[in-house]
Structures are given as structure tokens and as C-alpha cells.
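The values are calculated or read from the model by the stated rules, or taken from the named source; none is laboratory data. Since the structure is predicted, the reported quantities are computational estimates derived from the model, not experimental observations. Please note: Cβ atoms are built from the backbone with ideal geometry, for glycine as well, and neighbour counts cover all protein chains shown.
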Amino acid sequence: MHPLDNRLSRRGFLTGLAAAGAAGTLAACGYQEDPSSAPAGATWNFTDDRGRALSGPRPVRIVAEVAAAAALWDFGVRPIGIFGPSKMPDGKPDPQVGSVDLNAVTSLGNVFGEFNYDKFISLKPDLLVSVIYQNNDLWYVPQQQAGQIDKAAPSVGIRTEKVSTPDAIVKFEALAKQLGADLDAPAVKQAKADYEKIDAEFKKTAKETSKVKVLVVAAQQDALYVTNPPALSAAKYLQDQGVHLVVPEKTDSPGYFQQLSWENAGHYPADLIMYDNRTGSLGPAELAKNPTWSQLPAVKAGKLLAYNSETPFSYQKFGALLQDVTNALKKFPA
């Protein structure tokens with residue numbers, strides 16, 4: 001998800017922003033069964049957030065970083081390859097991979113710094129798509145491979161740092177359209193309509209429960225990481241709409257989290273704790289063994305909400321998160 005310092009970069013959500021460069025991604029058109037064929041003469045035109053202008057025959061064979069793949073998938077674009085965390089240690093899909101059918105794509109790597117270049121080339125990619133956090137580095141593209149990957153296929157980078165999730169969704173919607181997605185398809189239109197309904201309910205609830213203090217964290221064995229809301233897409237949107245998210249007094253470079261020792265885990269009082277549920281973060285069973293965690297007032301009161309800190313940039317997945325947050329907030333008096 002979000003760039004942390006290199007020391008944290010090997011830990012899933014607390015993965016560092018060492019990814020870089022451009023890379024080739026395979027993309028298929030909206031709701032096509034066969035990702036190897038596009039309408040004859042189909043073209044595209046898109047300028048990414050690095051200022052790269054791309055045009056010509058529409059890319060069909062797309063490889064995408066998992067966050068980008070999850071976003072495109074819900075708009076009907078079917079990448080043939082992915083890279084980044086897609087499976088949990090127990091083999092289950094990582095939440096950040098969204099609706100992507102892992103049996104229908106080739107994984108180039110499941111952990112930070114892992115990108116199988118030979119597999120990438122074998123897929124004969126037309127395009128690579130990834131999100132961007134800092135500089136113009138493509139997330140999960142290893143810096144040492146960025147140059148050769150960039151030469152192998154054109155790439156698109158979508159900046160998500162300090163961009164609220166709905167704004168990022170609009171970016172992927174525009175990209176998906178250029179890649180051939182049918183934005184008027186019933187499934188796409190219904191997803192957007194459902195999202196707008198949920199969003200309206202969420203905004204109303206957020207204002208009514210603005211006194212409820214919400215702490216957003218990622219828990220590790222050695223420390224608790226407190227999210228800095230303005231820097232991260234989903235948290236930024238919650239805060240912008242009136243949810244009272246705890247803002248850390250200081251953050252570690254580059255400004256995404258504050259690291260607290262477990263002895264200081266209770267430093268910020270909170271009525272509700274949202275905890276990261278992706279690969280690399282401690283889950284409920286592991287956290288239950290931590291006596292410090294167990295003594296936090298919100299934990300003792302059962303006021304906990306698992307959430308994907310890299311919630312896919314799609315109406316379906318972000319709508320589901322907003323519904324979860326709405327339901328959690330409604331349990332508090334207005």
C-alpha cells in the first residue's frame with residue numbers, strides 16, 4: 001500500500017516505496033472472454049500521472065500490480081498477469097487483490113521486491129499498469145529491474161498518494177474506458193449506483209458520529225503503526241467526510257505512519273480501532289495473544305473493524321468498506 005521507509009519495506013502493508021520505473025502490463029478489454037484479441041483497429045489514448053502520453057493500437061495483453069489489477073478487474077478489464085501480494089500465507093487471496101480470479105492470471109511475484117522478469121517477457125505484454133506513491137516509481141516494480149522492464153513494454157502509472165479513494169477510482173475508470181471497458185455495462189452501472197447510495201448513507205452517519213474517535217493501525221510483532229490519514233487514500237476520504245480519525249502527533253519518514261512500541265500502544269485514546277487485515281499484519285488470533293492489545297479500551301469493548309488498507313480502487317470494493325465503516329459507527333450514539 002503505502003510507502004514506508006526501507007526498514008519496513010519488506011512487510012506487506014508496511015512495504016517500502018522501493019518500487020520504481022515503468023513496466024509492461026497486460027490488459028484486456030471490458031468483459032472479454034478472450035484477452036488475446038481486441039476489435040480490429042481499436043485504438044487508445046491515455047496520459048498517465050507521470051505525464052507519459054500513450055496512444056496507438058489498444059493494449060490487450062496487460063500485466064498489472066495487484067491494486068491496479070483489482071481496480072481494472074471490477075471495470076471489466078482483465079489483466080493476464082499480476083505482481084504484488086495476491087495470496088496470504090494460508091493460500092487464501094489477499095484482500096488487496098479484490099475480485100481478480102487468481103486462476104486466470106499469472107503471478108510474477110507475491111512479495112515486495114519479487115518480479116519474475118522471464119515470466120513477464122513470456123506473457124508478451126502490451127502494457128504494464130501500476131500505482132504510484134512517491135516520485136514516479138511504479139509500486140512493486142523493483143528499482144534494479146525498472147530499466148529493463150520499461151524497455152520490454154510501455155507502462156501506465158496512476159498516482160494514489162494523498163489522493164482520496166473516489167478520486168483514484170475516477171482515474172482507473174478513465175483508464176479502463178480507454179482499454180475497452182464498457183462503462184455502460186449493467187454490472188458497472190449497478191456497482192456505481194450501489195456505491196453512490198452507500199456513500200450517501202456513510203456521509204450522513206459520519207457527520208452524526210463525528211465525536212467517535214477512530215484509530216487506524218497496522219499491527220506488527222514488534223510495533224503498532226498508526227496511520228496518518230491525509231496521506232493514505234481510504235483514510236483520507238473517511239477523514240474528509242467527517243469521521244474523527246486520530247492523527248498521529250508525528251510520523252516517521254515519509255509521513256505515512258507513526259511507529260509506537262507495544263508499551264505505548266495505548267497512547268492515543270480511541271472508541272473504535274480499524275486494523276489492517278492484509279498480508280504482513282497481525283490478525284485477530286495473533287493479536288488476541290498480545291496482552292497490551294487486549295487491554296486497549298476499544299478492544300475490551302469489542303469495537304474493532306478489520307479493513308484493507310489497500311482497498312481496491314473500485315466502486316464495489318470501496319463501497320463495501322464504506323458500508324462496514326457505516327455499520328461500525330452506527331453502533332455508537334449519535
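Table: residues versus (1) aromatic (F, W, Y); (2) over 20 Å from Q221 (Cα atoms); (3) in contact with an Asp or Glu (Cβ under 8 Å, 6 or more places away or on another chain); (4) not assigned by TED's automatic domain parsing to the domain that holds Y195.
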{"position": "D271", "(1), (2), (3), (4)": "no, yes, no, no"}
{"position": "Y275", "(1), (2), (3), (4)": "yes, no, no, no"}
{"position": "S281", "(1), (2), (3), (4)": "no, no, no, no"}
{"position": "A288", "(1), (2), (3), (4)": "no, no, no, no"}
{"position": "S294", "(1), (2), (3), (4)": "no, no, no, no"}
{"position": "K303", "(1), (2), (3), (4)": "no, yes, yes, no"}
{"position": "N308", "(1), (2), (3), (4)": "no, no, yes, no"}
{"position": "F313", "(1), (2), (3), (4)": "yes, yes, no, no"}
{"position": "Q316", "(1), (2), (3), (4)": "no, yes, yes, no"}
If I filter segment 249-272 for residues that are of a type in the set (A, V, I, L, M), surrounded by fewer than 22 Cβ atoms within 10 Å (Cβ to Cβ) and assigned to a strand (DSSP E or B), do I get at least one hit? yes
If I ask for residues that are over 16 Å from A265 (Cβ atoms), in a loop (DSSP other than H, G, I, E, B) and not small (G, A, S), which ones from segment 230-248 would you list? L232, Q241, V243, V247
Conditions (1) surrounded by fewer than 22 Cβ atoms within 10 Å (Cβ to Cβ); (2) touching a residue at least 24 places away in the same chain (Cβ under 8 Å); (3) aliphatic (A, V, I, L, M): number failed by L179: (1)
Any idea how many residues of segment 208-225 are within 14 Å of T326 (Cβ to Cβ) and modelled with pLDDT under 95? 0
Of the residues in segment 212-224, how many are farther than 15 Å from G266 by Cβ and touching a residue at least 60 places away in the same chain (Cβ under 8 Å)? 6
Would you be able to say whether some residue in segment 194-210 is in contact with a strand residue (DSSP E or B) (Cβ under 9 Å, 6 or more places away or on another chain) and either surrounded by fewer than 18 Cβ atoms within 10 Å (Cβ to Cβ) or not assigned by TED's automatic domain parsing to the domain that holds Y275 (or both)? yes
Filtered residues of segment 296-334 (kept if of a type in the set (D, E, K, R) and in a helix (DSSP H, G or I)): K300, K317, D324
Kindly check whether there is at least one residue in segment 246-262 that is among the charged types (D, E, K, R), under 20 Å from the mean Cα position of the chain (by Cα) and within 23 Å of Q96 (Cβ to Cβ). no
From the residues in segment 133-164 that are of a type outside the set (K, R) and either outside the structural domain of P79 (by TED's automatic domain parsing) or within 17 Å of S309 (Cβ to Cβ) (or both), which one is nearest to the chain's Cα centre (by Cα)? T160
Of the residues in segment 50-99, how many are part of a loop (DSSP other than H, G, I, E, B) and buried (at least 19 other Cβ atoms within 10 Å of the Cβ)? 15
If we scan segment 115-127, do we find a residue that is of a type in the set (A, V, I, L, M), under 19 Å from G51 (Cβ atoms) and modelled with pLDDT of 95 or more? yes
